[in-house]
Amino acid sequence: MQCVHPSGQACFSVVSAVYTQDDVMDRNRVQLQFEAAQEHHGALIGCCFDRLPTDSTERYTRWCNSLTQSQLLTQRFTSFGPTIIQPTWFCHCSAFDSAGPFVERGKGVPEDLLFFHEHLKLGHGVYRVNECLVSYRYHPSAMTFSVKRETIWDIQVKEFQESVLCHWKSVTIWNAGKQGRRFYRSLTEENRQKVIAFCDVDVKKIDKGFYTFEEASGYPKPRVPVVHFKCASPPFVICIKWDLTNGAFERNLASLHLQEGIDYYHLS
């Protein structure tokens, strides 16, 4: 069976592993990921990783390595991109062939993110071996830094609308600030009509009572209520970045006893 690696090289085996020459691979990586691929046929297999130097992208590394198996799916819409990083990918060549090839259009194209979403839309799974099997080297000039944040945002909003929001009758946007309003403006007209409220903890935003969509054509301009998060109704799309509020947001979310993937998704 022929398989095309992300590097562009051909493979004639039944599995394909991504490996870059600057990274360091644990001697047990192939064996452990092969065993996982046998158990989770068709899945894209990743693993935990550390960074070289060790203090590189600490928040991103902590997020990626701490995700549960279910969160590998539910947190796929954040600005971090794929929930398992490309240098750890391992899969059957048949799975790669069905979702590939990579969209290689040069700098600025997040080909790993596009492939990741296509893989999931085809019904394939994602699984992580919970051992550190790759040391991922940081390069300030890496291709990933050529991808604009706006490009990632547009892809993630589009995928969220097509994969999740299309199945919801209503939605509350958690964050009445800049990021939440940006998400609202990025929605299609049909999906904007599903937004029943913004929620927040900011007293000034809540006291104002509403957000006016000034960019809308025609009159009257749409007004969306702004309420305290304890008074809001799920499902939520959460437009607050993880791990940036000293745990305050995470505690507020936990207090509602919601189920991720049913009652809320992260998109920030």
Study note, to complete from the structure: Dividing the helical contributions, -39500 (n - 2.57) per DSSP H run of n ≥ 4, by the residues of the chain yields a 222 nm value, nearest 500 deg cm²/dmol, of -8500 deg cm²/dmol
Review point. Nearest 20 debye, what's the magnitude of the dipole of region 159-268 about its Cα centre given +1 on Lys and Arg Cβ and -1 on Asp and Glu Cβ?
Key: 420 debye
**Study point:** FRET efficiency for LYS194 and HIS139, using Cβ-Cβ distance with R0 set to 41 Å, rounded to 0.05
**Key:** 0.50
**Study point:** Anisotropy class of region 129-268 from Cα gyration tensor, a/c 1.5 cut
**Key:** prolate
Point to revise | Peptide ranges 107-117, 86-96 listed from the most packed, as the mean C-beta count within 10 angstrom indicates | key: 86-96, 107-117
Study note, to complete from the structure: Between PHE236 and residues 5 or more places away or on another chain, the pairs with built amide H atoms under 5 Å apart involve THR172, TYR264, TYR265
Exercise for review: For region 221-268, give the magnitude of the charge dipole about the Cα centre (Cβ charges: +1 Lys/Arg, -1 Asp/Glu; no others), in debye to the nearest 20.
Suggested key: 320 debye
Practice item. Please give, to one decimal in nm, the separation of the simple spin-label points placed at ALA254 and ASP202, each 7 Å out from Cα toward the Cβ. Key: 2.5 nm
Check your understanding: Which value, in debye to the nearest 20, gives the size of the charge dipole of the chain about its Cα centre, when Lys and Arg are +1 and Asp and Glu are -1 at the Cβ?
Key -> 1000 debye
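We did not get these values from a lab; they are worked out from the coordinates using the rules stated. The structure displayed is predicted, hence computed values, not measured ones. In this analysis, Cβ positions are derived from the backbone assuming ideal geometry, glycine residues included, and neighbour counts consider all displayed protein chains.
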